[in-house]
Amino acid sequence: MEITPNKLILQAFGLEPEGLNVRRFGSGHINNTFLLEKKEDGSKYVLQKINVNVFKEPGIIAANQRMAADYLATHHPAYLFITPIPTVNGEELFVMDNEYWRMIPFIAGSVTVDQADNPKQAYEAAKQFGRLANYLSGIDLKPFKASIPNFHNLTLRYAAFQEAIRNTREDRKAAAEELIDEFLRYSDIAVTYEQLKTNPEFRDHLMHHDTKINNVLLNKDTYEGICVCDLDTLMPGKIISDLGDMVRTYVCPVSEEEPDVSQIVVRDEYFEALMQGYLEEIGGALTKVEKEQLFFAGKFMIYMQGIRFLTDYLNGDVYYPIKYARHNFDRAHNQLVLLKRLIEKQDTLQAIINKCLHVSEQV
């Protein structure tokens, strides 16, 4: 069903529909997003309907962003942090018929890219995520809540994987038997995570949790980073979440959607670019234990996403939208191959990390 903002929603933010051009905007799959342009002066805004199937309590998103914004305004006032434009009644969300709408500024001169086409883009994006994490490193995390509870809890994801193996249909289990066995052989990744999460030196930070490159605004002319966007999953988490998702999505020239696994490679220059950008900003705020787990970040995130795809396949494709019968199976296989390629290069990539850490410590 086509969802468009009606008159009451627009008026809640002080806008009249007859004075606007409204069109779909962005490549995101979770929220419904629209670009609003005033006919009178060309000024633009972004309007979003929050997906309540994914975000059960949209108020948590608004509260987390407001607390982060207030902290940054005090401690880093020059930093561009995208915050919602209040309604005419001063609310950060407009609620109608259990629909939650928000309006955010449109950043002029900005562009997003859906994949890293050169190392500079990877560097600029990682630098922005690192800067945000660093600037928020002194914030009190106690008032913050999870907008998606257990989002990157590998212990929970691994338990769900094991349950799916036990309960899946026999035909799916037979088809996936080899893939299941291969993922089980890497279960040490889940064991390591379980050990790390109770280590007091492996701390919680305020993390973005969705560090795909299209969640950074870049200058449309120079492709230099401007700021981070899509802050719905800004919540307490571990450093390996953000760094790991960058490794997972920047270093390979093809995405998780590519069924031809011969195209899956780990590009050293992209790995170095993102590690350099990230550590230049956040490196000085990391503990010794966190620094020791920087390579593990990629393993953690790729493995977790792989077993999530395979779990969904075994459960009958109930979570991720699919375009063909083996779609989730192929996604899981893709991530398994990426994991293997990353581990094959561990010595080379760890040397890159060590070099980037050394440079960041000199800054």
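The values are calculated or read from the model by the stated rules, or taken from the named source; none is laboratory data. Being a predicted model, the structure only gives us computed values, none of them experimental. Positions of Cβ are generated from backbone atoms using ideal geometry, with glycine treated the same way; all protein chains shown enter the neighbour counts. In case anyone asks, the SASA skips ligands and DNA or RNA and just uses the protein heavy atoms, side chains included. Shrake-Rupley method; radii C 1.70, N 1.55, O 1.52, S 1.80 Å.
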> For residues in the range 312-331 being among the acidic types (Asp, Glu) and buried (at least 18 other Cβ atoms within 10 Å of the Cβ), which is nearest to SER262 (Cα to Cα)?
Replying inline: ASP330
> Among the residues of the range 227-246, is there at least one that is of a type in the set (S, T, N, Q) and open to solvent by 20 Å² or more (accessible area, probe 1.4 Å)?
Replying inline: no
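I'd like to verify a number: residues in the range 115-148 that are among the hydrophobic types (A, V, I, L, M, F, W, C) and surrounded by fewer than 18 Cβ atoms within 10 Å (Cβ to Cβ), how many?
3
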> Only one of (1) open to solvent by 10 Å² or more (accessible area, probe 1.4 Å); (2) on the phi < 0 side of the Ramachandran plot is not met by ILE282, so which one is it?
Replying inline: (1)
> Somewhere in the range 71-89, is a residue surrounded by 12 or more Cβ atoms within 10 Å (Cβ to Cβ), modelled with pLDDT of 85 or more, small (Gly, Ala, Ser) and not in a strand (DSSP E or B)?
Replying inline: yes
> Restricting attention to the range 314-331, which residues are within 20 Å of the chain's Cα centre (by Cα) and part of a helix (DSSP H, G or I)?
Replying inline: ASN328, ARG331
>> Please go through the range 234-269 and give me each residue that is part of a loop (DSSP other than H, G, I, E, B) and within 15 Å of ALA125 (Cα to Cα), ordered by number.
In response: VAL251
> What are the pairs, 6+ residues apart or on separate chains, where a residue within the range 62-77 that is touching a residue at least 60 places away in the same chain (Cβ under 8 Å) has its Cβ under 8 Å from a residue that is assigned to a helix (DSSP H, G or I) and open to solvent by 50 Å² or more (accessible area, probe 1.4 Å)?
Replying inline: LEU72/TYR135; HIS75/TYR135
>> Take the conditions surrounded by 12 or more Cβ atoms within 10 Å (Cβ to Cβ) and either assigned to a loop (DSSP other than H, G, I, E, B) or among the charged types (D, E, K, R) (or both) and apply them to ARG23. Does it pass?
In response: no
> Looking at this structure, is ASP171 farther than 30 Å from GLY59 by Cα, of a type in the set (D, E, K, R) and not in a helix (DSSP H, G or I)?
Replying inline: no
>> Give me the residue from the range 163-216 that is over 23 Å from PRO236 (Cβ atoms) and of a type in the set (S, T, N, Q) and, out of that set, surrounded by the fewest Cβ atoms within 10 Å (Cβ to Cβ).
In response: ASN167
